[in-house]
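The values are calculated or read from the model by the stated rules, or taken from the named source; none is laboratory data. None of these values were measured; they are calculated from a predicted model. Positions of Cβ are backbone-derived with ideal geometry, glycine not excepted, and every protein chain shown enters the neighbour counts.
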Amino acid sequence: MQRYFADSKITTEYQLTPEIYKHAIKVLRMKVGDIFELVDDVEVVHKMEITKIEDGKAKAISVEVIPSDVELPADVTIACGISKNDKTDWIVQKGTEMGATKFIFFIGDYSVAKWDKKRSSKKVQRLQKIARSAAEQSHRTKIPEVTFVEKLKDIDFEKNDARIVAYEESAKKGESGNLFKILNKKPSNIIAIFGPEGGISLKEIEFLEANSFILAGLGPRIMRAETAPLYFLASLSFALELS
């Protein structure tokens, strides 16, 4: 069933926003009597029935509140150094499907791609739309937030009780248990840092270690910048939901 997100609390009647109207009525050809799901601003899922379509507008009523428990049992922030091409799109889309709560992109010491102020604003808006669409497709009850900071040191991680940095040099040295040890403690607010294509610099590693980040390898294989966050989220889901 098609799912959308509302920016307000739903009581009974709801007028479809122009964006929802365009997709539901124009693209999916929904008619009066058709059903869709709508998540309100407090993450309550409603089964909605279309009651009126007239003059380019449509209304629907809530006919049922649907119990939903689809979110990861921990808030998860994925922080990535900016990579080239459409890799950020992939990370946000698939990371949303896999349960991430927030995405932060930063210009790493080894980032080849650069975002200036104007470009970063447009990029974040576009990525936020991707997150919304992916949240609807995967039937999430929350839309992940997408933000940009210029430098790694600008990230606010004070609320995170588990701080992880994916570091391939740890795996090369034989480290294999740090990620398991951290996730086995069932943390409630996690941040994981991932470098761009060129990796994370020694200077950045020193900063992270000084702020209680744990270096964790993601296995013996070298992963692409856009693959590592998804591997981490899959591991997290297994540790917190499937084991």
Which of the residues that make up the stretch 195-208 are in contact (Cβ under 8 Å) with a residue 24 or more places away in the chain and not in a loop (DSSP other than H, G, I, E, B)? Lys203, Glu204, Ile205, Phe207, Leu208
Here is a list of conditions, (1) in a helix (DSSP H, G or I); (2) touching a Ser or Thr at 6+ places or on another chain (Cβ under 8 Å); (3) closer than 27 Å to Ala210 by Cβ, and Asp109 meets all of them except one; can you say which number that is? (1)
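Listed here are the residues, each with its yes/no results for (1) under 20 Å from Phe238 (Cα atoms); (2) surrounded by fewer than 19 Cβ atoms within 10 Å (Cβ to Cβ).
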{"position": "Ile155", "(1), (2)": "no, yes"}
{"position": "Glu158", "(1), (2)": "no, yes"}
{"position": "Tyr167", "(1), (2)": "no, no"}
{"position": "Ile182", "(1), (2)": "yes, no"}
Restricting the stretch 11-43 to residues that are among the β-branched types (Val, Ile, Thr) and touching a Lys or Arg at 6+ places or on another chain (Cβ under 8 Å), the one farthest from Glu71 (Cα to Cα) turns out to be Val32
Are any of the residues in the stretch 49-63 outside the structural domain of Ile104 (by TED's automatic domain parsing) and within 18 Å of Gln128 (Cβ to Cβ)? no
Counting only residues that are surrounded by fewer than 20 Cβ atoms within 10 Å (Cβ to Cβ), charged (D, E, K, R) and within 12 Å of the chain's Cα centre (by Cα), which one in the stretch 138-153 is farthest from Glu209 (Cα to Cα)? Lys142
Tell me which residues, restricted to the stretch 82-106, are of a type in the set (Gly, Ala, Ser) and either in a helix (DSSP H, G or I) or at pLDDT below 95 (or both). Ser83, Gly95
Return the residue satisfying two criteria in turn: it lies in the stretch 22-43 and is within 19 Å of the chain's Cα centre (by Cα) and among the β-branched types (Val, Ile, Thr), and of such residues it is nearest to Lys59 (Cα to Cα). Val39
